[in-house]
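K.L.:
Questions regarding the structure given below will be posed in turn.
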Amino acid sequence: MLAHTSADSGTLQEMLLNPGAVGFCTSEGWVRQTNDGRLVSAIEYEAFAPLATSERQAILNKALAQCDITATCTIHRTGHLPVDDLAVWNGVAAPHRDAVFRGCHHIIEEARRRVSGHQGVDVTGRQCPSDIVGKRGP
């Protein structure tokens, strides 16, 4: 799911509540402040919604089929996102812990490989291609 505004992770988590699931795992990607040693103030995410949505759905369907998970949800933000803003949220529920980790990992890796479209904005305001979603801080 694409979102131009921020998402509440608690609300997203509630969407995955399932009596057959005993394990739950999330992964959040934030905009970090550096990339390749350069200071970055923001990223700009763009997406062609029909293609991004169909690719994301294919990724989720494959995870549901291959990873023994009962539910999954993903949000990918678009637009101008400053440092520390939530850019990506993935959640997975499953009957076993190993399945939630495997499912979450599958979704993250496939999304990075198949659905990416962002540019960094350095501290001078100049746009530069970069991969700057990840852990907080340098």
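The values are calculated or read from the model by the stated rules, or taken from the named source; none is laboratory data. Just so you know, these numbers come straight off a predicted model, no measurement behind them. So basically every Cβ, Gly included, is an ideal-geometry build from the backbone, and we count neighbours across all protein chains shown.
K.L.:
Considering ILE43, ILE75, which residue is within 17 Å of GLU110 (Cα to Cα) and surrounded by 19 or more Cβ atoms within 10 Å (Cβ to Cβ)?
P.N.:
ILE75
K.L.:
OK, next. Could you tell me which of the residues VAL83, VAL92, VAL88 is buried (at least 17 other Cβ atoms within 10 Å of the Cβ) and touching an Asp or Glu at 6+ places or on another chain (Cβ under 8 Å)?
P.N.:
VAL88
K.L.:
Among the residues of the range 69-119, which ones are at pLDDT 90 or above and assigned to a loop (DSSP other than H, G, I, E, B)?
P.N.:
ILE69, THR70, VAL83, ASP84, ASP85, PRO95, HIS96
K.L.:
Is it the case that ALA7 is touching a Lys or Arg at 6+ places or on another chain (Cβ under 8 Å) and in a loop (DSSP other than H, G, I, E, B)?
P.N.:
Yes, satisfied.
K.L.:
Follow-up question, since we're still on this one. Restricting attention to the range 46-66, does a residue exist that is part of a strand (DSSP E or B), touching a strand residue (DSSP E or B) at 6+ places or on another chain (Cβ under 8 Å) and crowded, with 21+ Cβ neighbours inside 10 Å?
P.N.:
Checked against the condition, which is being part of a strand (DSSP E or B), touching a strand residue (DSSP E or B) at 6+ places or on another chain (Cβ under 8 Å) and crowded, with 21+ Cβ neighbours inside 10 Å, the range 46-66 yields no hits at all.
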